[in-house]
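Step one of this worksheet: look at the structure below.
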Ligand SMILES: CC(C)(COP(=O)(O)OP(=O)(O)OC[C@H]1O[C@@H](n2cnc3c(N)ncnc32)[C@H](O)[C@@H]1OP(=O)(O)O)[C@@H](O)C(=O)NCCC(=O)NCCS
């Protein structure tokens, strides 16, 4: 599998996905600050007092992770209103030998329900299969997170099983379901993603 990928923005019909920049600090912090009650239900790092220092650490680590091929974090922006931070989406390798990777995301609460996670996840899945040359991509979704399950279902990920007490979120161990898409399943479903307007024609 490929170790590194280009830093150029990836686009979808509505969105631009691009690596983080230092000057994103304020907009990232603002998006987390506005969304923390929803994010904190499922994500261990989100909390009421999330500060600019944490946002700065994230942005710094994101740059080194990209350079080292550890993880590829993308800022999600509206192509026509690029200063507003809409959320984060990442893809990272979990095993180089098996060419497997994982995707994770969150969307600013003000703009949920508009298909942004689905469109961004479709585009990052394309990055995973086409650029990182993955063979299998997984998603781990906390039991009860119906919105995220819908994202996985709409894209055609298959639910494979249950990971008991997988993630400690604010003192509570949350069970997660494991979802996966194989490369051949991606090839089969990719034209439908273009028809639905989530990604451009390949
Ligand atoms: C989950 C999340 C990423 C969804 O983002 P989004 O941009 O709203 O996603 P989309 O609009 O593409 O799709 C969401 C789907 O879930 C549905 N949905 C959302 N909340 C739901 C709920 N409580 N019950 C049933 N369906 C729900 C929406 O109706 C939509 O489905 P539809 O298109 O069939 O109507 C976003 O809510 C979020 O960031 N949540 C907090 C962090 C998080 O959970 N991250 C994911 C960890 S795995």
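The values are calculated or read from the model by the stated rules, or taken from the named source; none is laboratory data. Owing to the predicted nature of the structure, the values given are computational and were not obtained by experimental measurement. Methodologically, a virtual Cβ is constructed for each residue, glycine included, from the backbone with ideal geometry; neighbour enumeration extends over all protein chains shown.
So here's what we get for this one:
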quantity: Given (1) closer than 30 Å to residue 30 by Cβ; (2) away from the ligand (no atom under 15 Å from the Cβ); (3) surrounded by fewer than 16 Cβ atoms within 10 Å (Cβ to Cβ), index of the condition residue 130 fails; calculated: (1)
quantity: Verdict on residue 144 being on the phi > 0 side of the Ramachandran plot and either at pLDDT below 95 or in a strand (DSSP E or B) (or both); calculated: no
quantity: Lone unmet requirement of (1) touching a helix residue (DSSP H, G or I) at 6+ places or on another chain (Cβ under 7 Å); (2) part of a strand (DSSP E or B) for residue 186; calculated: (2)
quantity: Test: residue in region 169-181 that is closer than 26 Å to residue 6 by Cα, crowded, with 16+ Cβ neighbours inside 10 Å and in contact (Cβ under 8 Å) with a residue 40 or more places away in the chain; calculated: yes
quantity: Criterion (surrounded by fewer than 20 Cβ atoms within 10 Å (Cβ to Cβ) and more than 14 Å from the ligand (Cβ to nearest atom)) met by exactly one of 68, 153; calculated: 68
quantity: First in region 93-120 and in contact (Cβ under 8 Å) with a residue 60 or more places away in the chain and under 17 Å from residue 10 (Cα atoms), second anywhere and assigned to a helix (DSSP H, G or I) and within 15 Å of the ligand (Cβ to nearest atom), Cβ under 6 Å, 6 or more apart; calculated: 118/151; 118/154
quantity: Residue tally, condition within 16 Å of residue 139 (Cα to Cα), in a helix (DSSP H, G or I) and more than 8 Å from the ligand (Cβ to nearest atom), over region 94-119; calculated: 0
quantity: Top-ranked residue in region 15-27 [being closer than 21 Å to residue 65 by Cα and touching a residue at least 60 places away in the same chain (Cβ under 8 Å); ranked as farthest from the ligand (Cβ to nearest atom)]; calculated: 24
